[in-house]
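The values are calculated or read from the model by the stated rules, or taken from the named source; none is laboratory data. What you see is a predicted model; the values in this text were computed from it and never measured. Heads up, the Cβs are rebuilt from the backbone with ideal geometry, glycines too, and the neighbour counts pull from every protein chain shown.
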Amino acid sequence: MESIFYQNTTYWVIFVDIVAALGTLWLFKTGRAKQSTLLTVGIVFIVSIAVMHWLFGGQNLLPADLPGWIFYIIILGGALTIVALLDITSKPIMDNLSQEHLQIVQGLRVFVGGGFLMEGVVNVIPGWFSILDGYFHIASGFLALLAAIAFLKNWKDNKTLLWIANIVGLTDIIVIVTGICFLVWSDLGPFHNMNYVVFGAGPILLWLHFNSIKKLLSK
C-alpha cells in the first residue's frame, strides 16, 4: 500500500467519525438535551477520536500479531459498551426524537461507503472487500434516507421501509466487522485505519439501529 494513499484515507475516516459525532450532537440538541450534556458528549467524542488516533495511528497498546478472533471479541465488547453508554446518556431526549431524525443521521453512512470504495481503488484494502463494504454502506444509507422520507410523509408502508433499513443496516455492520476479523485480517491487522470507523462511527450507527427498532416495537 502506498503511504500517501493510506495517509489520505486516514484523514477521510477521521472525517467520517467527526461527521458521525456531529450528527449525534445534532440529535441530542434536537431532543432538547441540556447544554451541559451537549458539552460533555462533545468532549467525549473529541477525546475518543484522539485516543483512537494514538492507538491505531501510533500503533500502540495492541500486539501487531493479534489474532483476528481476539480483535473480534474486543470489537463486540467495545461496541456494546459504547452503545450502552450512549443509550443511558440519551434516555432523557430519545422521546423527543422521531424515526426521521434517527434515519437522517443513518444516511450519513454513505460517507463511510464512499471512503471504503476509495480505499479499494488505491489498494489500501482488498478491492473485493471495498466493493462489498462500500456498496453495503451506501445501500444502507440510501435506505435510511428513504425510510426517513417515508416516515415524514406518512407513506402507507413507512414501517416496512423502516424495518428494511434497519435489517439491511445491521446486516451491513455484522458482515463488515466479521469480514475484517476473519476474511481480510492478514491484509489489515489491528492498526488499520478502518478501525477508526469500527470503534467510532460504527457504534453510533448500532445505537441508532437499537433505538429505531425499539421505537418500532413500542408502537
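Miscellaneous remarks
- For Gly120, the conditions (1) surrounded by fewer than 18 Cβ atoms within 10 Å (Cβ to Cβ); (2) in contact with a helix residue (DSSP H, G or I) (Cβ under 7 Å, 6 or more places away or on another chain) all hold with the exception of (1).
- Residue within the stretch 77-86 that is farther than 23 Å from Gly169 by Cβ and surrounded by 12 or more Cβ atoms within 10 Å (Cβ to Cβ) present: no
- Of all the listed residues (Ile167, Ile176, Ile149), the sole one being of a type in the set (Val, Ile, Thr), more than 28 Å from Pro126 (Cα to Cα) and assigned to a helix (DSSP H, G or I) is Ile149.
- Single match in Gly113, Gly169 (criterion: closer than 22 Å to Tyr6 by Cβ, among the small types (Gly, Ala, Ser), buried (at least 21 other Cβ atoms within 10 Å of the Cβ) and touching a His at 6+ places or on another chain (Cβ under 7 Å)): Gly113
- Residues of the stretch 192-219 classified as of a type in the set (Gly, Ala, Ser) and at pLDDT below 95, total: 1
- For beta carbons closer than 9 Å, sequence separation of 6+ or different chains, a first residue in the stretch 98-117 that is closer than 15 Å to Leu208 by Cα and β-branched (Val, Ile, Thr) and a second that is at pLDDT 95 or above and not in a helix (DSSP H, G or I), there are no qualifying pairs.
- Residue under evaluation Ala147, criteria (1) farther than 17 Å from Gly107 by Cβ; (2) within 19 Å of the chain's Cα centre (by Cα), criterion not met: (1)
- Scan of the stretch 1-18 for residues that are under 15 Å from the mean Cα position of the chain (by Cα) and either buried (at least 17 other Cβ atoms within 10 Å of the Cβ) or of a type in the set (Lys, Arg) (or both), ordered by number: Trp12, Val13, Ile14, Val16, Asp17
- Taken over the stretch 205-219, the criterion of being within 8 Å of the chain's Cα centre (by Cα) and buried (at least 24 other Cβ atoms within 10 Å of the Cβ) is satisfied by Leu205 alone.
- Screening the candidates Asp65, Asp17 for the property of being of a type in the set (Asp, Glu), modelled with pLDDT of 95 or more, within 26 Å of Asp133 (Cα to Cα) and assigned to a helix (DSSP H, G or I) yields one hit, Asp17.
- Of the candidates Val41, Val19, Val47, the single residue that is more than 25 Å from Ser98 (Cβ to Cβ) and among the hydrophobic types (A, V, I, L, M, F, W, C) is Val47.
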